[in-house]
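Written out below as structure tokens is the structure these notes cover.
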Amino acid sequence: GAVVSQHPSWVICKSGTSVKIECRSLDFQATTMFWYRQFPKQSLMLMATSNEGSKATYEQGVEKDKFLINHASLTLSTLTVTSAHPEDSSFYICSARGISTDTQYFGPGTRLTVL
Amino acid sequence: AQSVAQPEDQVNVAEGNPLTVKCTYSVSGNPYLFWYVQYPNRGLQFLLKYITGDNLVKGSYGFEAEFNKSQTSFHLKKPSALVSDSALYFCAVRDQDSWGKFQFGAGTQVVVTP
């Protein structure tokens, strides 16, 4: 149980394009989903927290107009990187938390490379 | 504010020897503590957590962790390490707010040699 998927697992795009990453909880309802960014050999940096049906709450320094988050259902959240630039290249990881648990379950991550 | 510290960037251990990965925490109130493991280019896998109850918590893959309130520590342990345990380990503490955000440690790279 408690499986979270991400799609795509990797993506390469040209500078200026937008990229959408999907995060799905496969076997539980995720009231809250989190989006992280991770640089090589570093810890996870929380970008935003989203609750189903509500606007996402962004961490300080994260541009909400650049990283659009939608949490339209209890099993799906999406992160759209708009007008991507090479500095947006990173490993993006989502996690999901169910209704009555404190544990976050993580997706496998998405490697974004912007050329 | 909640925080965790992992004082070691890397831990080296020979296969078959005991493995310990250190974590100390700072919280206001009761701590909710977690350990995760990350293999290269993968997401984090949940190992175990402490919310309340016994100070010794048993988790996945033979790992356990000991909650020590007086030392504000939550060290991860495995009696006999395997080469396949080589990975990046993260300690985390849950924020006390309703969102359930985590504060992660910097991570500790574990290298198990044959």
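The values are calculated or read from the model by the stated rules, or taken from the named source; none is laboratory data. None of the values given here were measured: they were computed from a predicted structure. Reconstructed Cβ throughout: ideal geometry from the backbone, glycine too, with neighbour counts over all protein chains shown. Remember, those area values only see protein heavy atoms, side chains included, never the ligands or the DNA or RNA. Shrake-Rupley method; radii C 1.70, N 1.55, O 1.52, S 1.80 Å.
Below, the figures for the structure above:
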{"read-out": "Gaussian network model of chain A, Cα within-10 Å springs - most flexible of A:S100, A:S89, A:S54", "value": "A:S100"}
{"read-out": "Förster radius 22 Å - calculated FRET efficiency between B:N68 and B:D9 (Cβ-Cβ, nearest 0.05)", "value": "0.50"}
{"read-out": "Net dipole in debye of chain A [+1 Lys, Arg Cβ; -1 Asp, Glu Cβ; about Cα centre; nearest 20]", "value": "200 debye"}
{"read-out": "Relative contact order computed over chain A (Cα-Cα under 8 Å; 6+ residues apart), in percent", "value": "37 percent"}
{"read-out": "Candidate residues A:I69, A:I12, A:I93: accessible-area rank, largest first, probe 1.4 Å", "value": "A:I12, A:I69, A:I93"}
{"read-out": "Theoretical FRET efficiency, 1/(1+(r/R0)^6), r = Cβ-Cβ of B:S26 and B:Y61, R0 22 Å, to 0.05", "value": "0.20"}
{"read-out": "Label-to-label distance, nm, for residues given as A:T82 and B:K77 (7 Å Cα→Cβ offset)", "value": "5.2 nm"}
{"read-out": "Charge dipole magnitude, Cβ of K and R +1, D and E -1 - the range A:1-52, Cα centre, debye nearest 20", "value": "300 debye"}
{"read-out": "Spin-label proximity, A:K20 to the range A:69-98 - amide N less than 11 Å from point 7 Å beyond Cα toward beta carbon", "value": "A:70, A:78-81"}
{"read-out": "Residues in the range A:59-74 reached by a label modelled at B:A1 [backbone nitrogen below 17 Å; 7 Å Cα→Cβ]", "value": "A:59-62"}
{"read-out": "Cα centroid separation - the range B:20-96 against the range A:69-114, whole Å", "value": "23 Å"}
{"read-out": "Length released on extending from A:Q42 to A:E63, taking residue separation times 0.36 nm less the Cα-Cα span", "value": "5.5 nm"}
{"read-out": "Exposure ranking of A:D27, A:D102, B:D85, A:D65 by accessible area [1.4 Å probe, largest first]", "value": "A:D65, A:D27, A:D102, B:D85"}
{"read-out": "Cα→Cβ-extended label distance, 7 Å offset, between A:Q29 and B:Y39, nm", "value": "3.3 nm"}
{"read-out": "Heavy atoms of A:T78 accessible to a 1.4 Å probe, total area in Å² rounded to 10", "value": "20 Å²"}
